[in-house]
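Undergrad: There's a structure below that I have some questions on.
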Amino acid sequence: MVPDDDLGAADLLRRLSLLLHATAASPSDATVLQLALAQAVAATGADIAVLGRVTDQDVIDVTLLFDTGATVHEIGVLDVDSRYPLTDVVVRERAIWLASPPEIRLGYPDGGALWGCAFAGVPLMAGGVAVGAIGLIYDATGHYFTAAEREYLSAVADLCATVLAHPHAQTWPPREVSPVADT
């Protein structure tokens, strides 16, 4: 018999291998970001994945991914400060693991309910600087983050940072641009 922890770690390694292959095949393809977030949701049982990309020194552009990738929403921007856990990850340049609603409310009294019943946030580091963060939100219940999950999410964040830092990186989700009409 193989212990449940080993089975969980093996699944995380299999998912990470899939992401490594996708990143190696297309290092500038921003759809790898969507795949990475979808895999993180599926691997950990989260309800929502969040990607925050630093667009300038003081702001991150936030995208939510629901249903393991089926639904993507651009939320807008958040100021980079310590008010919310996703932005605090960028400020601190280190991961934040919040396993219950009381932990979230204690650490982030302003808007803590927006971040669910549990939240994991990991910075996207490139060249020693946070270029964004990924987050997982658990809406229904709290969640204890195992050591294997923490390592897995850190590796997913590293892959996302690699894609974002690529010199020819595309944006994700793709921005639809309307042609300018001559009047």
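The values are calculated or read from the model by the stated rules, or taken from the named source; none is laboratory data. Keep in mind that what you see is a predicted model, and the values were worked out from it rather than measured. Counting neighbours? That spans all protein chains shown, and the Cβs are built from the backbone with ideal geometry, glycine included.
Undergrad: Among the listed residues L20, L16, identify the single one that is surrounded by fewer than 17 Cβ atoms within 10 Å (Cβ to Cβ), in contact with a helix residue (DSSP H, G or I) (Cβ under 9 Å, 6 or more places away or on another chain) and at pLDDT below 85. Don't jump to the end; show me each part of the working.
TA: On the way: L16 fails: surrounded by fewer than 17 Cβ atoms within 10 Å (Cβ to Cβ).
Answer to the check: L20.
Undergrad: Can you say whether H143 is out of contact with any His (no Cβ under 8 Å at 6 or more places or on another chain) and under 22 Å from V32 (Cα atoms), as far as the supplied structure shows? Walk me through how you get there before you give the answer.
TA: Numbers: out of contact with any His (no Cβ under 8 Å at 6 or more places or on another chain): yes; under 22 Å from V32 (Cα atoms): no.
No.
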